[in-house]
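The values are calculated or read from the model by the stated rules, or taken from the named source; none is laboratory data. All figures in this text were calculated on a predicted structure; none of them were measured in a lab. Note that each Cβ is placed from the backbone with ideal geometry, even for glycine, and that neighbours are counted across all protein chains shown.
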């Protein structure tokens, strides 16, 4: 029979062993996170706080900032150019998602196959992600130029369309070019997700008479749930930060047809020399991005992290 003395001795031994492990590891576990928290606070939270304060200031980037209060926010929200940029950003995010998400998913499932030719095509599909935004922007700008682009190279008059110079088509061309650049990243995520699905699920479905389409909708898609959430979060939040490619490709034109919020922030701050309004636009982008990411994860239930293979 275990006596009270033996129990107390066992507890003391466990506490002593825990203390020795802490001394060997250099202290409590939370201390391991201190360097990362300091790094994040210094390079993320501190600059963000400065931007929030600056959004209430009147400053041209050279003189002394003057406190403007809520009037600067009122000016920002009432600016017709900024309001149009908000609408264009919404359209850009939605259309980009509707274009990139299904293409990435289908390419990722295709690339996950064991055939050698699929591995070769996977390398080709991944190449656009390795090119710089400036190079991609200049290349597509030249290809779509009606004077010396594709129409002149192939002598096809039906290609002689000024797509980037037309306000009705410029934004959708930008969506295509951005998708061409970033579909490979999301395809790689889906490829990795598909390869983690147990082959026994597909074997059982084949025995039961399920075809490729039924297997895709009843096995592949449910098993890729969290991959879809991750890819969608990166895609939607990332669409709020595209700047360099659009700046090189159209500079926000023609007119303001492709002037989404990140580009509007840059042009307002460094061409109109209104750093206060540019900071207010930056705060709007941060709030929308955080809300979009947190909302998507909460609605999808991804934060619960339950097993996708429960019951197997």
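Considering only the stretch 240-250, state which residues are part of a helix (DSSP H, G or I) and either without any contact (Cβ under 8 Å) to a residue 12 or more places away in the chain or within 17 Å of the chain's Cα centre (by Cα) (or both). Hits for the stretch 240-250 are 244, 245, 246. Here the condition is being within 30 Å of residue 262 (Cα to Cα) and surrounded by 19 or more Cβ atoms within 10 Å (Cβ to Cβ); of 89, 139, it holds for 89 alone.
Residue 251 meets the conditions (1) surrounded by 18 or more Cβ atoms within 10 Å (Cβ to Cβ); (2) at positive phi in every case but one. The failed one is (1). Mind checking whether some residue in the stretch 57-68 is in contact with a helix residue (DSSP H, G or I) (Cβ under 6 Å, 6 or more places away or on another chain) and assigned to a helix (DSSP H, G or I)? Within the stretch 57-68 (the criterion being in contact with a helix residue (DSSP H, G or I) (Cβ under 6 Å, 6 or more places away or on another chain) and assigned to a helix (DSSP H, G or I)), the answer is no, since none of the residues qualifies.
Output the residues belonging to the stretch 263-280 that are without any contact (Cβ under 8 Å) to a residue 60 or more places away in the chain and not in a loop (DSSP other than H, G, I, E, B). Quick ask: steps written out before the conclusion?
Going residue by residue through the stretch 263-280, those that are without any contact (Cβ under 8 Å) to a residue 60 or more places away in the chain are 265-267, 271-272, 278.
Passing the criteria: 265, 266, 267, 278.
Of all the criteria given as (1) in a helix (DSSP H, G or I); (2) touching a residue at least 24 places away in the same chain (Cβ under 8 Å), the one not satisfied by residue 253 is (1). Just one of the listed residues (171, 159, 164) is modelled with pLDDT under 85 and either in contact with a helix residue (DSSP H, G or I) (Cβ under 7 Å, 6 or more places away or on another chain) or crowded, with 20+ Cβ neighbours inside 10 Å (or both), namely 159.
The single residue among 249, 221, 263, 285 that is out of contact with any strand residue (DSSP E or B) (no Cβ under 9 Å at 6 or more places or on another chain), closer than 30 Å to residue 198 by Cβ and modelled with pLDDT of 90 or more turns out to be 221. The single condition from (1) touching a residue at least 40 places away in the same chain (Cβ under 8 Å); (2) under 30 Å from residue 138 (Cα atoms) that residue 159 fails is (1).
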